[in-house]
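Below is one structure, written out as structure tokens, with a few remarks after it.
The values are calculated or read from the model by the stated rules, or taken from the named source; none is laboratory data. This structure is a prediction, so every number in the text was calculated from the model and none was measured. A quick note on method: Cβ atoms are made from the backbone with ideal geometry, for glycine too, and the neighbour counts reach across all protein chains shown. Note: areas computed on protein heavy atoms with side chains; ligands, DNA, RNA excluded. Shrake-Rupley method; radii C 1.70, N 1.55, O 1.52, S 1.80 Å.
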Amino acid sequence: MPQKNTIKEYVAESYYHIYTRGINKQKIFCDAADYDYFLHLFDRYLSGKAKVSKTGVIYPNYSQELDLVAYCLMANHLHILVFQYDNPEIIKKFMSSILTSYSKYFNKKYRRAGSVFESRYKAKRIDDDSYLIHISRYIHMNPRRWLTYKYSSLRCIFDESPPKWLKPGIITSQFDDRQEYIEFLEDYQDNKDSLEEIKHQLAG
């Protein structure tokens, strides 16, 4: 029987919470350069202008078909929240591009072969927009020291000029400023059930 949230029949005009981790729960980020390279891949595939490799290869560009709303990169797993537009297959293409590119980088750097990630990432459609802010809270509070963590979108979603590849408007539009959002994150106990439900969805 397939694991929960691994059968990916995507729906256009929908938000998805995507989660993947290292094979056998091993690390996928071993130093700061690894995290930075993964963020570089967001820029490669989601910037408004297509990127070209040193050898002249034009990388796929998904900026007109998919928005990255939030993310958190952890040592052995990662979470992203995305919105896909008309093409219900674009998440598959985006995830294939970014995970394949990172796996090639990781294997070359650490002189290893084989899979870096679990064979199937998990994807959960968010069919209630009011639930999105709770998903974002779950994502941003993954690190123990979440308030100062460098590798999540919390550090920049309320900047006047966030990275061009990050589109957090659906989250930030529901709060007056960064401090109000931080208070929402800190208000964990009153909304504990929402976070527990997200964890339940990711189980299996």
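I'd like the full set of residues that are open to solvent by less than 30 Å² (accessible area, probe 1.4 Å) and either farther than 13 Å from residue 151 by Cα or free of Cβ contacts under 8 Å to residues at least 60 places away in the same chain (or both), limited to region 78-90. Across region 78-90, the qualifying residues are 78, 81, 82, 83, 84, 90. The residue list 93, 108 contains one member that is free of Cβ contacts under 8 Å to residues at least 24 places away in the same chain, open to solvent by 70 Å² or more (accessible area, probe 1.4 Å) and part of a helix (DSSP H, G or I), which is 108. Any residue at all in region 143-160 that's crowded, with 17+ Cβ neighbours inside 10 Å, of a type outside the set (A, V, I, L, M, F, W, C), out of contact with any helix residue (DSSP H, G or I) (no Cβ under 8 Å at 6 or more places or on another chain) and more than 22 Å from residue 94 (Cα to Cα)? Yes; the residues of region 143-160 include at least one that is crowded, with 17+ Cβ neighbours inside 10 Å, of a type outside the set (A, V, I, L, M, F, W, C), out of contact with any helix residue (DSSP H, G or I) (no Cβ under 8 Å at 6 or more places or on another chain) and more than 22 Å from residue 94 (Cα to Cα). Here is a list: 167, 124. Which entry is surrounded by 19 or more Cβ atoms within 10 Å (Cβ to Cβ) and either within 15 Å of residue 80 (Cβ to Cβ) or at pLDDT 95 or above (or both)? Testing whether each residue is surrounded by 19 or more Cβ atoms within 10 Å (Cβ to Cβ) and either within 15 Å of residue 80 (Cβ to Cβ) or at pLDDT 95 or above (or both) leaves just 167. For region 57-66, taking the residues that are in a loop (DSSP other than H, G, I, E, B) and either open to solvent by 50 Å² or more (accessible area, probe 1.4 Å) or among the polar types (S, T, N, Q) (or both), the one that is nearest to residue 90 (Cα to Cα) is identified as 65. Look at (1) under 19 Å from residue 171 (Cβ atoms); (2) assigned to a loop (DSSP other than H, G, I, E, B) and you find that residue 17 fails only one, number (2). Collect the residues in region 13-43 that are touching a helix residue (DSSP H, G or I) at 6+ places or on another chain (Cβ under 8 Å) and over 22 Å from residue 112 (Cα atoms), keeping them in residue-number order. Residues satisfying the conditions are 15, 16, 17, 18, 19, 42.
Scanning region 33-56 for residues that are among the β-branched types (Val, Ile, Thr) and outside any loop (DSSP other than H, G, I, E, B) gives a single hit, 52. Looking at region 44-77, which of its residues are in contact (Cβ under 8 Å) with a residue 60 or more places away in the chain, within 24 Å of residue 146 (Cα to Cα) and out of contact with any helix residue (DSSP H, G or I) (no Cβ under 9 Å at 6 or more places or on another chain)? Result: 74, single match. When 33, 70 are checked against the criterion of being open to solvent by 10 Å² or more (accessible area, probe 1.4 Å) and small (Gly, Ala, Ser), a single residue qualifies: 33. Going through region 131-168 one residue at a time, which ones are in a helix (DSSP H, G or I), more than 20 Å from residue 76 (Cβ to Cβ) and either in contact (Cβ under 8 Å) with a residue 24 or more places away in the chain or of a type in the set (A, V, I, L, M) (or both)? Answer for region 131-168, where residues must be in a helix (DSSP H, G or I), more than 20 Å from residue 76 (Cβ to Cβ) and either in contact (Cβ under 8 Å) with a residue 24 or more places away in the chain or of a type in the set (A, V, I, L, M) (or both): 131, 132, 133, 134, 135, 136, 137, 147. Considering only region 20-69, state which residues are closer than 18 Å to residue 85 by Cα and acidic (Asp, Glu). Of everything in region 20-69, those that are closer than 18 Å to residue 85 by Cα and acidic (Asp, Glu) turn out to be 65, 67.
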